[in-house]
1. Please specify each residue of the stretch 148-170 satisfying the condition of being surrounded by fewer than 16 Cβ atoms within 10 Å (Cβ to Cβ) and in contact with a helix residue (DSSP H, G or I) (Cβ under 8 Å, 6 or more places away or on another chain).
2. Which residues, taken from the stretch 65-90, are closer than 17 Å to residue 217 by Cβ, touching a residue at least 60 places away in the same chain (Cβ under 8 Å) and in contact with a strand residue (DSSP E or B) (Cβ under 8 Å, 6 or more places away or on another chain)?
3. Collect the residues in the stretch 62-91 that are over 13 Å from the mean Cα position of the chain (by Cα) and within 19 Å of residue 122 (Cβ to Cβ), keeping them in residue-number order.
4. Restricting to the stretch 112-125, what's the tally of residues that are farther than 15 Å from residue 173 by Cα and outside any loop (DSSP other than H, G, I, E, B)?
5. Report every pair of residues separated by at least 6 positions or lying on different chains whose Cβ atoms are under 7 Å apart, first residue within the stretch 91-106 and under 19 Å from residue 79 (Cα atoms), second part of a loop (DSSP other than H, G, I, E, B).
6. Can you confirm whether the stretch 94-101 contains a residue that is in contact with a helix residue (DSSP H, G or I) (Cβ under 6 Å, 6 or more places away or on another chain) and closer than 30 Å to residue 52 by Cβ?
7. From the list 123, 94, pick out the single residue that is more than 13 Å from the chain's Cα centre (by Cα) and crowded, with 19+ Cβ neighbours inside 10 Å.
8. Go through (1) touching a residue at least 12 places away in the same chain (Cβ under 8 Å); (2) surrounded by fewer than 21 Cβ atoms within 10 Å (Cβ to Cβ) and name the single condition residue 111 misses.
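Read-outs throughout are calculated quantities, based only on the coordinates presented, and are distinct from any laboratory measurement. Worth saying up front: this structure is predicted, and the values here are computed from it rather than measured. Backbone-built Cβ (ideal geometry, glycine too); neighbour counts: all protein chains shown.
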């Protein structure tokens, strides 16, 4: 189902919209805290809002640009980090969020035309991780290839910068906080599937069920998008 979207700055989000966003999180996740939700939201710069035909808020994704220090090995890069993201279950499969996300990528690239841009996604569930295999030619970590050293070091750098000691660089995992939030079991795909992507995710992040998150990264270049994804997005703009 095609949804409507808006890309807005966090500072322009109304209190009512915040409450609606929180309700979506609370409906799909366990251990959702209003204080933690607001803290996470205030750390971000943008929010992608998704609306049904009757203008009901049915999904959102918070976004932050991480700019490495000038004296770091990554000063020619920027990293777009996606934080809290949820779509109401009945709208799963909609292409609208990817369309909106790539629109935001274009906006940011115009602000930083001389920088390489990467996407940092943290996956506490298989469905989020599978997003990478559907949309990108190359992404990391990946069952069929080794993570290049530069990407591995960038992942470690941004993982520590964003999550501090919660980031276990040896495992590539952001470890769950005590009583941290995690996706309700009814919304988790079957962990017993023999699909290679599924097996890799569950072996890489065995603690997903309690909120551990696998840190993932993909380069945000047109050449790294699957051709059919580019066609789908073009037809939905």
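1. 169 - this is the single residue of the stretch 148-170 that is surrounded by fewer than 16 Cβ atoms within 10 Å (Cβ to Cβ) and in contact with a helix residue (DSSP H, G or I) (Cβ under 8 Å, 6 or more places away or on another chain).
2. Answer for the stretch 65-90, where residues must be closer than 17 Å to residue 217 by Cβ, touching a residue at least 60 places away in the same chain (Cβ under 8 Å) and in contact with a strand residue (DSSP E or B) (Cβ under 8 Å, 6 or more places away or on another chain): 66, 68, 77, 79, 80, 81.
3. 66, 67, 68, 74, 77, 78 - these are the residues of the stretch 62-91 that are over 13 Å from the mean Cα position of the chain (by Cα) and within 19 Å of residue 122 (Cβ to Cβ).
4. 4
5. Matching pairs, first to second residue: 99/237; 105/220.
6. Yes, there is a match, as at least one residue in the stretch 94-101 is in contact with a helix residue (DSSP H, G or I) (Cβ under 6 Å, 6 or more places away or on another chain) and closer than 30 Å to residue 52 by Cβ.
7. Answer to the check: 94.
8. (1)
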